[in-house]
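Contents: one structure, followed by commentary.
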Amino acid sequence: MRRHTRRVYNLCYRFTGNAAAAEDLSQDVFLRVYRTLGSYQPQYGAFATWLTSVARNLLVDHYRRTRRDRLTDSIEDAMPQLEEKHSMTRAPDRLAEGAELSAQLQRGLARLSPELREAVILRDLQGLEYNEIRTVLQVPEGTVKSRINRGRIELARILGEMGVRPT
Amino acid sequence: MDWNCITTEERLIDFLDGTLAAEEHAAFTSHTAACASCAGMVARVGGLVSKMRQAAPVEEPPHLVSKILAGTRGPRGRERWWIGWAPLIWQPRFAMGLATVAASLAILLHAVGVTPGDLKKIDYRPASLVRAGNRQVHLSYARCVKFVNDLRVVYEIESRIASSPPMGDQTESVPAVQPRPGHESTSPDSNTRDKSQSYPRPSRRGAPQGSELAVLIHASLVNNTPRSLL
């Protein structure tokens, strides 16, 4: 249970960049899983993949729901404030090793398009295989690899602009 | 093989996964060796991927699991409470027990004199319940006191009769016993024995017979039993 919770929370946090939203979304994910547990078929994939699919669908819904808010506020202005507030109040990952890189990575992910962001998160931060990501995103494997590749290159460019050198 | 910067960018994922064919791998490395821009890009992306895979997962809030469990197991637990009790209640054994308890309660209420129909809403108010309980306790206490006092009177009468002297000076108030023909009273003991026959003693100290009790009360009145004892 804790392993799945951490996995879902990490996905939500990395996608939204907001700890409070990630917490709420994680709860929504498990509530939806609980309600639709009867519809889960093992032949459709592993439980973790199905869980990730549910989380991803909710994240897309959340992204669409909050689009208007993001359009009214400038992302460039809002994100540093969010990150700063996060680091002061919750900052769960600041205690871990590489906390600074994690925060910078979060800022870089926030500037990626949602399609590229989710692909990079699922592959490099969640460690899913290509076929699992294909199941989650419901797109061909070629598209999955293409999105991951473009996402990585774009993220490296963004981090370079931010002065971050992960190498 | 015609390998350019666009091809390098497109095949970067396969290069990092190590899934490029030997010929492609050679073309890739030869291009990056010649193109500084692609070499820098490959190094940056490779380092980024490595760092991301090594990144520690974000710690979830400690109360998140509890919240999720409360949100999911909570309703199910409440649902189970009813579902879990229903089969127990509807078992024949439990139903029979319930019916027996109800019948016993009805008999008890009838014996006490409580008619549920007579009870009004005001009777269920706490003040009324306390008052009724208080009254009942005092009534019970008074009944107990009366019972003990009655018992004391009976035992006092009994003990006085048992310790009273031979009733030689009371013969005028007690009906004389006619000696039977052929039976002579020559000794003092015979007189006493006659009197004892006239005033039968209780067979047991605590349980005098009805007629014996009447005689005892009569004797105690004759002996001027002080009223204070009553």
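The values are calculated or read from the model by the stated rules, or taken from the named source; none is laboratory data. The structure presented is a predicted model; accordingly, all values stated were derived computationally and were not measured. In this analysis, Cβ positions are derived from the backbone assuming ideal geometry, glycine residues included, and neighbour counts consider all displayed protein chains.
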List every residue pair whose Cβ atoms sit under 7 Å apart, with the two residues 6 or more apart in sequence or on different chains, where the first one lies in the range B:14-31 and is in contact (Cβ under 8 Å) with a residue 12 or more places away in the chain and the second, anywhere, is of a type outside the set (Ser, Thr, Tyr) and not in a helix (DSSP H, G or I).
B:Glu23/B:Met1; B:Glu24/B:Arg11; B:Ala27/B:Met1; B:Ala27/B:Trp3; B:Phe28/B:Trp3; B:Phe28/B:Arg11; B:Phe28/B:Leu20; B:His31/B:Trp3
Against the conditions (1) without any contact (Cβ under 8 Å) to a residue 60 or more places away in the chain; (2) within 13 Å of chain B (Cβ to nearest Cβ), where does A:Gly17 fall short? Just the number, please.
(1)
Give me the residue from the range B:41-58 that is within 7 Å of another protein chain (Cβ to nearest Cβ) and surrounded by fewer than 17 Cβ atoms within 10 Å (Cβ to Cβ) and, out of that set, farthest from A:Asn18 (Cα to Cα).
B:Ala43
State whether one or more residues within the range B:83-98 are at the interface with another protein chain (Cβ under 10 Å from one of its Cβ atoms) and either at pLDDT below 80 or over 30 Å from A:Ala103 (Cα atoms) (or both).
no
I'd like to verify a number: residues in the range B:11-31 that are closer than 23 Å to A:Leu116 by Cβ and either surrounded by 15 or more Cβ atoms within 10 Å (Cβ to Cβ) or aliphatic (A, V, I, L, M) (or both), how many?
8
For residues that are farther than 25 Å from A:Gly45 by Cα, touching a helix residue (DSSP H, G or I) at 6+ places or on another chain (Cβ under 7 Å) and at the interface with another protein chain (Cβ under 8 Å from one of its Cβ atoms), tally how many sit in the range A:118-167.
8
Got a sec? Which of A:Leu105, A:Leu109 is surrounded by 18 or more Cβ atoms within 10 Å (Cβ to Cβ) and at pLDDT 90 or above?
A:Leu109
Only one of (1) surrounded by 19 or more Cβ atoms within 10 Å (Cβ to Cβ); (2) within 8 Å of chain A (Cβ to nearest Cβ); (3) of a type in the set (A, V, I, L, M, F, W, C) is not met by B:Cys38, so which one is it?
(2)
